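Single-structure report; data block below.
The values are calculated or read from the model by the stated rules, or taken from the named source; none is laboratory data. Keep in mind it's a predicted model, so treat the numbers as computed, not measured. Because the Cβ atoms are built from the backbone with ideal geometry, glycine has one as well, and the counts that use them run over all protein chains shown.
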Amino acid sequence: MLDNGLPKNRILFAASFICLPLVYLSYQAFVSSQIEFLRPSLRGKWITHPNPPIDFQQSSTCPDAIFYRDFQLDKPPEKEEIRVTAMRGFWIQVNKKNISFDSPGSWKSSILINLVPYLKSGQNTIRIQVSGPKNPPALLVEGNKLLRSGKNWKVALNPDLSDLSTASIALQDEHYLNNKPNPIRQSIFFTFYLIGFLVYSALGVSVLLIRPNKTKFDQDTNLWKKHGFCFLLFLAVATIQLHNVYTYPHTRSHFDWQGHVDYIQYIANHWKIPIATDGWEMFQPPLYYLISAVILKFSGGSLKAVQIFTTLAGLGNLLFSWFLLCQISPRQTRKRNLGFSVIAMLPMGFYMNSMISNEIFSGSMISGTIVLSIYLLFKKRLTGHKASILIGLVCGLGLLSKYTALFVLLSLLLLLGLQLITRQVTWKRIVIIICMVSLTCGWLYGRNIARFGDPFIGNW
């Protein structure tokens, strides 16, 4: 017996919508060759070169890596098989004899190789050459403990193995993942930073422990008393972040600033949207880069102007958060002030907003999509076509900013689907939203499917 008389079809509908994203993410992680996810294994570890010569700020290529294993056998075994998976292609030699095999359709598909015809008593060698070419080559060999990949394997870049060294466990031992010195810990003001953090944390905990009177709400309608604290805090945060724009160059991000700048300059010079293979970051949806290219042109080529735009976009995220808090707690000033204080003081905004990156802009676009959808669906409970068109438009703009907006759209469709079952909305409203999303961003994802066979290219 179902509690509260909840209909079975509603439960099945909700369960299917919850499972569909999980199925899709599983497909992307374990099947799609576009997503560079190294699947876990109990019979081997992914290995790679400890310091591959690749420039992560440029669209450079990485040379092949040669993974090498030598081992002793008293006598050839009657059965010995290994399962090889490599990102992305590989060739294998056992005791200097090439082993032929049918290439898999995807680098995530493994190849089962029978070693018995190639093994001998005494010294044996396995040599597997793996090609990227745009990523550091990685190898997984699954088999018995003697042969499975791990730190017992060697790796080299030179064909003569003159630079042979111990292989690194992928995503763990590579040189470029080594811990960087913590600038806050090394600062002479570290003690003051620590005391300030502890005081701030204690104040937050004490406020949370104070139980407000649930029946008592703000009676004062004075706007300054209700929103003055949030306004002053917003001004302080905005001042600091704009000061960061003035102080820090756009090159401060050591990972991918060049890729984002190249994308903006490409649009500013050609006035067309690039495809994913044109540059390091050019798999990204184009809305941020298109707006930035316009700003770059009108500012005479000033990247500092693009930094200011990015920072303002990040501050927009704070405004969306404040608006949402006002909708959730319209008559509880202390709750709003506490929530906004936590959001405004998050470190990410201070160190990221002055960078040239679509991450900040897309975060604000997706936040705006969430806030507007909540406001129209639950606060105003608008059911007209105009509200559906507006929600579809902002969802489409979110998808033109970052692939991550897909999860917001799926969540929204889940809620509308549940409302459709309970007859709170009509199917026409859902169709209008889907059509508006398709009109706004369908051209981009259609182009990706036509060129690459997948709507989502690169990473998320």
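Tabulated results
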read-out: Qualifying residues in segment 190-205 (those that are among the hydroxyl-bearing types (Ser, Thr, Tyr) and under 31 Å from the mean Cα position of the chain (by Cα)) - the one surrounded by the fewest Cβ atoms within 10 Å (Cβ to Cβ); value: 201
read-out: Verdict on residue 115 being more than 35 Å from the chain's Cα centre (by Cα), touching a residue at least 24 places away in the same chain (Cβ under 8 Å) and surrounded by 20 or more Cβ atoms within 10 Å (Cβ to Cβ); value: yes
read-out: Selection count where residues are in contact with a helix residue (DSSP H, G or I) (Cβ under 9 Å, 6 or more places away or on another chain) and at pLDDT 90 or above, scope segment 137-179; value: 1
read-out: Any hit, segment 362-371, residues being at pLDDT below 90, of a type outside the set (Ser, Thr, Tyr) and surrounded by fewer than 22 Cβ atoms within 10 Å (Cβ to Cβ); value: no
read-out: Residues within segment 357-404 that are within 20 Å of residue 256 (Cβ to Cβ), in a helix (DSSP H, G or I) and of a type in the set (Gly, Ala, Ser), tallied; value: 3
read-out: Identity of the residue in segment 10-34, modelled with pLDDT of 80 or more and either β-branched (Val, Ile, Thr) or in contact with a Cys (Cβ under 9 Å, 6 or more places away or on another chain) (or both), that ends up surrounded by the fewest Cβ atoms within 10 Å (Cβ to Cβ); value: 23
read-out: Residue 343 vs. criteria within 30 Å of residue 201 (Cβ to Cβ), surrounded by fewer than 20 Cβ atoms within 10 Å (Cβ to Cβ) and modelled with pLDDT of 90 or more; value: yes
read-out: Wholly within segment 188-294, helices (runs of 4 or more DSSP H) carrying at least 2 residues that are at pLDDT 85 or above and farther than 25 Å from residue 317 by Cα; value: 190-209, 257-270
read-out: Condition met for residue 297 (modelled with pLDDT under 95, part of a helix (DSSP H, G or I) and of a type in the set (D, E, K, R)); value: yes
read-out: Cβ pairs under 7 Å, 6+ apart, first in segment 15-43 and farther than 18 Å from residue 409 by Cα, second outside any loop (DSSP other than H, G, I, E, B) and of a type in the set (Phe, Trp, Tyr); value: 39/30
read-out: Residue 100 being touching a residue at least 40 places away in the same chain (Cβ under 8 Å), surrounded by fewer than 17 Cβ atoms within 10 Å (Cβ to Cβ) and among the polar types (S, T, N, Q); value: no
read-out: Cβ pairs under 7 Å, 6+ apart, first in segment 420-434 and part of a loop (DSSP other than H, G, I, E, B), second crowded, with 17+ Cβ neighbours inside 10 Å; value: 425/416
read-out: Residue in segment 437-454 that is in contact with a Phe, Trp or Tyr (Cβ under 6 Å, 6 or more places away or on another chain) and either in a helix (DSSP H, G or I) or closer than 25 Å to residue 37 by Cβ (or both) present; value: no
read-out: Residue in segment 153-163 that is touching a residue at least 24 places away in the same chain (Cβ under 8 Å), assigned to a loop (DSSP other than H, G, I, E, B), surrounded by 13 or more Cβ atoms within 10 Å (Cβ to Cβ) and not aliphatic (A, V, I, L, M) present; value: yes
